[in-house]
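The values are calculated or read from the model by the stated rules, or taken from the named source; none is laboratory data. Keep in mind the model is a prediction, meaning the values are calculated, not measured. Glycine also receives a Cβ, built like all others from the backbone with ideal geometry; neighbour counts cover every protein chain displayed.
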Amino acid sequence: MAKIGPTMSGFRSVANQYTPIMNATTAAPTLTLSIRCRSNAGRHERDKNLLMAHEVAPPGEGLSALTQRELCDGCMRVDFLYGANRVSLNMDIHYNTDEFWPREATSHLAVEPDSATLEALDSSSVFSTKLSSFRDGDTVAVVLGSDINSSDAVQLLDALLTTLRARGVRMNSVSIVVGSRWPLPESDLFSKVAAAYAHRVGEIVGHNPTSQDLVVEAGVTPTHGTPILISQTVLGADLVVLVDRIRVDPLIGVTGGHTSVLSVSASRTIGANRRLALDEPFRPLDGTTPMSVDAMEICGTLDIDLCVNVISDYRGSPISVVATSPSEAHRRGIDTLSHFAHVRIDTDVLYDLVIVDAGGSPRDSTLYQAVDALYAAYSVTRRNSTILLVAECSQGIGPTGLLPSPQWPRSEFRLGMEKQSFLSRLLSERRVILVSSIFEQMCHGVFDCVQPGSMQDVFDGLQCQLEAGPSRVAILHAGGDMVPLR
């Protein structure tokens, strides 16, 4: 008979349903599926089509979210985020499998971005101080960072523009700059912002980091000497407001706050900032990374001192909105996300096989974004183990410097190289299988690549290899938004 048993003392059993007992600061719980099927002449002795419900997500304080898992002949179906869709595995499990999620914002923790923004701006002393010195004829540049989605952006913009108008700022003096760190085609965010605000503000600018005509030089950062080439619209404004989303990022710590200024910088500035991470380990939720310190100095040089940032859980549900200085927004983002991203893992547990998804779209739009999920998988696996990374990569690799190439020495830095150090170490100690729609030849033999339709066969083969001895398997959902704690 299959048995589902939680391993945390913070669970209680009520009619086969498990409810986590936790408070707002508790790390996300773990559920261990101890499914053992007795076999007789190679056949499982169990009832077919047995439906069992168990806790699969740590949605928050004292609440549970149940999912149905069909167990048939010892198989359990597990869904993984894949772009805008899901892919599934039928897992024939006869050893312990641990399943992990980041925390979710429950209904009483989630906020409405527009009303939360109005409230944050109304109570912001930084915002009030800046507007107190605002004069007729002064200009405002609202920067939309590259990590915010279009829905949140529109709601935050509506609230911000409403507040500016109420404080006497003329809308024709407001420019909206849609940021970008990569030379990509016109984004969905730019299209939606242009459609919604074309006749409501002075101008809408789509930033192109490769265009020399749109940026001006404004000095260098004192610590690392990064050249500051910034959007001329931003540099010429009397008030600059950075609007973005704060989320976990293994290179810079978290996005948002002062890091959003890179979204309106030139490629030369972005490259110099990213180069600071060349030999750095991944440090998610760390506010003192060289890249973060460098971005803070850029904001200081440009006298940018106001952010309106939304902080979201791994599903994109808003947790809070902050309207304050870049450094304070960054600090609050780290404090808040620590409660949602940290996942407690037993100190003695290392896994032989981990299946991890990057969190679906947009976290797996490119391979460059998707590899962030490998940090969590690497942290919980033993040497020579296997990691199955599920990521659609609908837009390909992303920055071409991500994958090593003898044609490009490290001295000729290209965007993407900042993650090479972590990838090289990972690939020398782990086997990584990429489940993706990306063309295999694009990976240059770095990963074993399989299409989603072949994932089940690959997993079955790995499972057969593990049957030779006692093994542990972990399932990590939204690995890019997860930070394991030991």
Just to be sure before I move on: is Arg275 surrounded by fewer than 23 Cβ atoms within 10 Å (Cβ to Cβ), under 30 Å from Pro102 (Cβ atoms) and more than 17 Å from the chain's Cα centre (by Cα) in the structure I sent?
yes
Filtered residues of segment 156-196 (kept if of a type in the set (Asp, Glu) and not in a loop (DSSP other than H, G, I, E, B))
Asp158, Asp188
Quick one: would you say Val205 is aliphatic (A, V, I, L, M), modelled with pLDDT under 95 and part of a strand (DSSP E or B)?
yes
Quick check on segment 95-111. Is at least one of its residues at pLDDT below 90, surrounded by fewer than 20 Cβ atoms within 10 Å (Cβ to Cβ) and over 24 Å from the mean Cα position of the chain (by Cα)?
yes
Taking segment 208-230 as the region of interest, how many residues are assigned to a strand (DSSP E or B) and either modelled with pLDDT under 90 or in contact with a strand residue (DSSP E or B) (Cβ under 6 Å, 6 or more places away or on another chain) (or both)?
9
Working carefully through the options Ser123, Ser173, find the one that is within 17 Å of Ser320 (Cβ to Cβ) and over 25 Å from the mean Cα position of the chain (by Cα).
Ser123
For residues that are assigned to a helix (DSSP H, G or I), touching a residue at least 40 places away in the same chain (Cβ under 8 Å) and of a type outside the set (A, V, I, L, M, F, W, C), scanning just segment 126-155, find the one that is nearest to Arg247 (Cα to Cα).
Asp152
Can you confirm whether segment 160-171 contains a residue that is touching a Gly at 6+ places or on another chain (Cβ under 8 Å) and over 19 Å from Ser263 (Cβ atoms)?
yes
Any strands (runs of 3 or more DSSP E) falling wholly within segment 288-372 and containing at least 3 residues that are at pLDDT 95 or above, out of contact with any Cys (no Cβ under 9 Å at 6 or more places or on another chain) and under 21 Å from His477 (Cα atoms)
351-357
Which pairs do you get when a residue that is surrounded by fewer than 19 Cβ atoms within 10 Å (Cβ to Cβ), found in segment 337-353, comes within reach of a residue that is aliphatic (A, V, I, L, M) and at pLDDT 75 or above, reach meaning Cβ atoms under 7 angstrom, with the pair 6+ apart or on two chains?
Ser338/Leu285; Arg344/Leu485; Leu350/Val380
Based on this model, can you work out whether Asp213 counts as acidic (Asp, Glu) and more than 30 Å from Ser132 (Cβ to Cβ)?
yes
